[in-house]
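One structure is given here, and the rest of the page talks about it.
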Amino acid sequence: MAGSSSKSVLFVCLGNICRSPIAEAVFRKMATEAGVVDKWVIDSGATSDWNIGSSPDARGLACLRNHGTETSHRARQVQPDVPWLFLTSLSFVCMSEVGKMISYRHPPALAPTLSI
């Protein structure tokens, strides 16, 4: 777990089984390879509750494996009462409509946010 001077990154998409868990896994691998993973809190979540508890999509897992990356991620929904949401240093929204939903539901959590 990252220390008190850590940065945090949150990847968000609609179901948390495709884009956001892939981005989380790739970011984690890059931070590990750079020797800075202990300085980061790395997470992902969904705006919907459709896939809570599900593994990432098989195609995404295959893509990760083809690039030497593994994940044990389980989908979960971003909740307004989760403290890390409001403390996130950087959020990546993996769908434009998701960004609109998050900014409506959780306005203080979005500074700064990048949509990809």
List, please: which pairs have Cβ atoms under 9 Å, are six or more places apart or on different chains, and start with a residue in the range 32-44 that is closer than 19 Å to Val12 by Cα and in contact (Cβ under 8 Å) with a residue 12 or more places away in the chain and end with one that is assigned to a strand (DSSP E or B) and among the aromatic types (Phe, Trp, Tyr)? Ile42/Phe11; Asp43/Phe11; Ser44/Phe11; Ser44/Phe92
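Results for (1) surrounded by 13 or more Cβ atoms within 10 Å (Cβ to Cβ); (2) polar (S, T, N, Q); (3) modelled with pLDDT of 95 or more, shown as yes or no for each residue.
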{"site": "Ser6", "(1), (2), (3)": "yes, yes, no"}
{"site": "Leu14", "(1), (2), (3)": "yes, no, no"}
{"site": "Phe27", "(1), (2), (3)": "yes, no, no"}
{"site": "Arg65", "(1), (2), (3)": "no, no, yes"}
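The values are calculated or read from the model by the stated rules, or taken from the named source; none is laboratory data. Quick caveat: nothing in here was measured; it's all calculated off a predicted structure. All Cβ positions, glycine included, derive from the backbone under ideal geometry; neighbour counts span all protein chains shown.
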